[in-house]
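Engineer: Below are the structure tokens for one structure; questions will follow.
The values are calculated or read from the model by the stated rules, or taken from the named source; none is laboratory data. Note that this is a predicted model, so its numbers are computed, not measured. Backbone-built Cβ (ideal geometry, glycine too); neighbour counts: all protein chains shown.
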Amino acid sequence: MESHDIVKNLLKKIPAKHVAQELGVSLSLVYKWAEAPIVGSGTSNPLDRIEVLTRLADDMAPLEWLCTRFDGSFVKRPSMEVTTEDFVYRVSRVMVELGHVLGEFSKSSTHAERFSIEEVREIRMRWERAKGVIEKFLAAAEQGQYSTPPFGNLTSAAPQTAQTKAVPKITPTLYKRSLGLNR
């Protein structure tokens with residue numbers, strides 16, 4: 001969906017006159033925002049401008065700010081491909097990150113302690129990292145990368161072949177990497 005389509009759909013819910021008054025622009029400009037730039041006399045709308053700011057700065061801050069203003073959070077879709085060899089490692093990383101976040105919350109509730117600003121920032125950083133890993137899984141699944149079991153049929157007693165790999169052992173090094181301690 002293009003930005004002008006989003007504006008067009010919004011104008012079905014909100015009168016264009018009201019939008020123009022609230023934003024302090026002309027009614028004709030609001031209607032131009034809803035037009036495709038190629039077809040009509042469409043002009044750069046506020047969504048296009050946010051996209052340009054984000055791209056020029058190479059910084060997600062405008063999008064993160066918008067999400068925060070509406071009680072949400074922004075998670076960037078990953079560009080890297082997740083291979084089936086990374087499957088167990090990534091699952092363990094998600095579990096470790098979520099475990100740390102939950103552990104921090106339980107520490108607070110069981111000891112009736114308050115979090116310092118630094119602790120809250122650390123928890124937020126871990127939570128954002130865990131969301132990023134989960135998003136990588138979802139994006140890979142949407143692309144069909146996990147449409148078949150990554151290690152073959154693990155319940156069969158058949159000997160291991162090239163198609164049925166053994167589940168990799170989580171070593172201390174892998175565990176540290178999952179925590180972001182060894183990169």
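Engineer: When you go through 35, 64, 97 one by one, which is the residue that is surrounded by 16 or more Cβ atoms within 10 Å (Cβ to Cβ), at pLDDT 85 or above and within 19 Å of the chain's Cα centre (by Cα)?
Structural biologist: Step by step, each of 35, 64, 97 is checked, and only 64 is surrounded by 16 or more Cβ atoms within 10 Å (Cβ to Cβ), at pLDDT 85 or above and within 19 Å of the chain's Cα centre (by Cα).
Engineer: Sticking with this structure for a sec: Can you find a residue that is at pLDDT 75 or above and not small (Gly, Ala, Ser) anywhere in the range 101-111?
Structural biologist: Yes, the range 101-111 contains a residue that is at pLDDT 75 or above and not small (Gly, Ala, Ser).
Engineer: Quick check on the range 15-61: of everything there that is of a type in the set (Ser, Thr, Tyr) and part of a helix (DSSP H, G or I), which residue is nearest to residue 5 (Cα to Cα)?
Structural biologist: 31
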